[in-house]
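Undergrad: Pasting a structure here, questions to come.
The values are calculated or read from the model by the stated rules, or taken from the named source; none is laboratory data. Nothing here was measured: the structure is a model prediction, and the numbers come from that model. In this analysis, Cβ positions are derived from the backbone assuming ideal geometry, glycine residues included, and neighbour counts consider all displayed protein chains. When the accessible area is computed, the model is the full protein with side chains, heavy atoms only, and any ligands, DNA or RNA have been set aside. Shrake-Rupley method; radii C 1.70, N 1.55, O 1.52, S 1.80 Å.
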Amino acid sequence: MAGAEEQIEIPTEVSEGGEPPMPRREKKPHEKGITFRDFNHVKDFEDLVKTIVQLCDGEEQERLREMEDWIVKNEGAWVLPEGFNSFLGSVFHKPDWPSAGRIAMVRLLSYGAEQDDIVYILNMDRKDHTVMNYAQKIDRLPITEQESLAMFFCNLFETGSASQWLLYTSEWDAPGGGLPLSNIRVTTKVAVNALLGDTPALVDYGSALMANLATKEVFDDVCSELAMAILQFFQGKPPEEQVFRCMKALGKFCSIASRDVPQLVKMIGPEPSKFSGMSPRVDELIQPIMARLAAVPMF
């Protein structure tokens, strides 16, 4: 994998007001996140073809051939044409296309996220927001699709350029109305829904995504939303690895939103000391959080 200084940068977006959204580029060397690499990408591609090929028109079948060059023959994402996101739109958003095809496609994107050139695909989607509009529906998707999406978002922290894409703040109109969407808003929703999800795999991805987001500089309101999900998660009895990931994230969010998040911890609970003695590394994370709680008034 290329070093942080060699990674491909996504061209800076410009918002409607003419100002580029924050963050625009890495302020420090990229810290690789927690990722998941247990793939049989050839089988995933075969599953994709098997489930959708009969539904594809001639142009979409050509996209499948190009995907084979990218993902199976390892020729790089550059072999995909500019209109590839239209094909993604068919897979993700046509109601009569099968769930199994969406799962296979997301798994292939997750596999491809190991390479810097995944940003080429993400960059193509800046106008139509095909991927993010699909991810925004995570709470309404079948569990297996939720798991695939959460893993994909984790794997985008493999490289600096892809992980920064997740944090873009420029907004677009949500399909069907409602609050405007942004990459960071959707990423936050995926993280929260995964952490509080219904399967062990989904929760594991959610805890990893929390830890990954804690390696970035995010805004105070994002910190508060993520922290509230962590506190709800801490109401249960999670395993040590997931406590460690989320406690580390909670400490980072306390340092960014240095008043709001500690106040949330004090109001909502449980106090991090609930997990004292779980392991030395968890104890090490608890101590500075408890010091922050002691220094912050309730109101």
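Undergrad: Calculate the spin-label point distance for Ser255 paired with Leu64, positioning each point 7 Å from the Cα along the beta-carbon direction, and give it in nanometres.
TA: Output for this residue pair reads 4.9 nm.
Undergrad: Per the helix-only calculation at 222 nm, which mean residue ellipticity applies to the chain, given -39500 (n - 2.57) for every DSSP H run of n ≥ 4 and division by its residues, nearest 500 deg cm²/dmol?
TA: Numbers: 14 runs with 161 residues, N = 299.
So the helix-based figure for the chain works out to -16500 deg cm²/dmol.
Undergrad: Quick one: how many Å² of Phe45 are accessible to a 1.4 Å probe, rounded to 10?
TA: 20
Undergrad: If the elastic network links every pair of Cα atoms under 10 Å, which of Met151, Met67, Met278 fluctuates the most in the Gaussian network model of the chain?
TA: The residue that fluctuates most here is Met278.
Undergrad: Here's a follow-up. Which angle between 0 and 90 degrees, to the nearest 10, do you get for helix 41-52 versus the longest principal axis of the chain when only C-alpha atoms count?
TA: With rounding to tens, the tilt is 60 degrees.
Undergrad: May I ask you to give the average projected area over all directions of the convex hull of the Cα atoms of the chain, in nm² rounded to one decimal?
TA: Spelled out: convex hull of the Cα atoms, projected over all directions, averaged, 16.3 nm².
Undergrad: Along Cα→Cβ, 7 Å out, is where each label goes; now give me the distance between the ones at Val296 and Ser99 in nm to one decimal.
TA: 3.9
Undergrad: While we're looking at this one, here's another question. Taking only Cα atoms and a 10 Å spring cutoff, compute GNM fluctuations for the chain and point out the largest among Phe92, Phe234, Phe39.
TA: Phe39
Undergrad: Rolling a 1.4 angstrom probe over the protein heavy atoms, how many square angstrom per residue are accessible across the chain?
TA: Details: 13460 Å² over 299 residues.
Here the residues of the chain average 45 Å² of exposed surface.
Undergrad: Could I ask something else about it? Tell me the carbon and sulfur percent of the accessible area for the stretch 156-299, rounded to whole percent, probe radius 1.4 Å.
TA: Using a 1.4 Å probe with all protein chains present, the stretch 156-299 comes out at 56 percent carbon and sulfur.
Undergrad: Let me ask something else. Determine the shape class of the stretch 161-299: with a ≥ b ≥ c the square roots of the Cα gyration tensor eigenvalues, call it rounded for a/c under 1.5, and otherwise prolate if a/b is greater than b/c, oblate otherwise.
TA: prolate
Undergrad: How large is Rg/Rh for the stretch 33-124, to two decimals, with Cα atoms and a Kirkwood Rh?
TA: 0.93
Undergrad: Mean-square fluctuation check for the chain, GNM, Cα pairs under 10 Å: which of Arg63, Arg259, Arg140 is largest?
TA: In this elastic network of the chain, the residue with the biggest mean-square fluctuation among Arg63, Arg259, Arg140 is Arg140.
Undergrad: I've got another one for you. Once you have the Cα-Cα distance between Lys43 and Ser273, take 0.36 nm times their residue separation minus that, and quote the gain in nm to one decimal.
TA: 78.3 nm
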